[in-house]
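Have a look at the structure below, then the notes.
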Amino acid sequence: MTVLLILSRAIDALSTFVGQAMRWAILAAVLISASNAILRRTLALSSNGWLEVQWYLFGAVFLFGAAYTLRRAEHVKIDFLLARLSPRNAVRVALFGHIAFLMPVCLVMVVLSVPWAWASILSGETSANAGGLPLWPAKAAIPIGFALLAAQTLSEIIRSIAQLRGHLPMDLTAGIQPQPTADSTDQGYHD
């Protein structure tokens, strides 16, 4: 179990790093969006490329931030139901959801999107819009984002099993996983 918890910590650290890096993508998207709006209104200048960059950044934030959101237990879930369960049963419900629903969806998305993204990379596919950008970065973000989410789901599964087996303390917030603090990504782990 110790090796699996080490793997879980490494996945959590990766999810946290990528999720926090997405803050810069949000800032870039806001600055580009504001600049586009100002230039369009004041100088009648616009660019399809800049509009597509905004779309790419939004997609990256959504796809690459999903694993971080799961790590922090901030995905939409059935809190009103989980709050009525014992911590042990809430962890069981979360574990079932991760194994039966989230992991299969992530794996299907990776399997289906890799060939699609790879074909776009090989063909050098670009946007049909005048001044548009290559499409492969946006398409490649899909399997990468779902792979990151699958890895974080594996971490959540490992941690839930460790809690149920008594290797980690049971979370007292109705099955919600411990959240990392700014100074530590190891909160909640005990070997």
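The values are calculated or read from the model by the stated rules, or taken from the named source; none is laboratory data. Note that the coordinates shown come from a computational prediction; the quantities given were computed from them, not determined experimentally. Ideal geometry is used to build each Cβ from the backbone, glycine not excepted, and the neighbour counts take in all protein chains shown. The protein model used for the area step is the full one, side chains on, heavy atoms only, and it has no ligands, DNA or RNA in it. Shrake-Rupley method; radii C 1.70, N 1.55, O 1.52, S 1.80 Å.
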Please find, in a Gaussian network model of the chain (springs between Cα atoms separated by less than 10 Å), the residue of Leu70, Leu82, Leu148 whose mean-square fluctuation is greatest.
Leu82
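So what's the projected area for region 40-84, the Cα convex hull averaged over all directions, in nm²? Write out the running numbers ahead of the final one.
Values: hull surface 20.6 nm².
The orientation-averaged projected area of the Cα hull of region 40-84 comes to 5.2 nm².
Order of 103-111, 138-146 by packing, highest average Cβ count within 10 Å first?
So the order, starting with the most tightly packed, is 138-146, 103-111.
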Looking only at Cα atoms, what is the convex hull volume of region 1-73 per residue, in Å³?
69
Kirkwood radius from Cα pairs of the chain plugged into Stokes-Einstein at 20 °C, 1.002 mPa s, gives D in µm²/s equal to 116
Can you list the residues of region 79-110 with backbone N under 12 Å from a point 7 Å past the Cα of Met170, pointing along Cα to Cβ?
85-92
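Per residue, how much accessible area does the chain have with a 1.4 Å probe, in Å²?
Working: 10920 Å² over 191 residues.
Accessible area per residue, the chain: 57 Å².
Carbon-plus-sulfur fraction of the accessible area of region 50-163, 1.4 Å probe, in percent? Write down the numbers at each step before the final one.
Details: 4630 of 6040 Å².
Using a 1.4 Å probe with all protein chains present, region 50-163 comes out at 77 percent carbon and sulfur.
Which net charge results for the neighbourhood of Pro134, defined as the other residues with beta-carbon distances under 14 angstrom from its beta-carbon, given Lys and Arg at +1 and Asp and Glu at -1? Write down the numbers at each step before the final one.
Numbers: positive: Lys139; negative: Glu52, Glu125.
Net charge around Pro134: -1.
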Among 113-122, 152-161, 15-24, the order from most to least packed when residues are scored by Cβ within 10 Å on average:
152-161, 15-24, 113-122
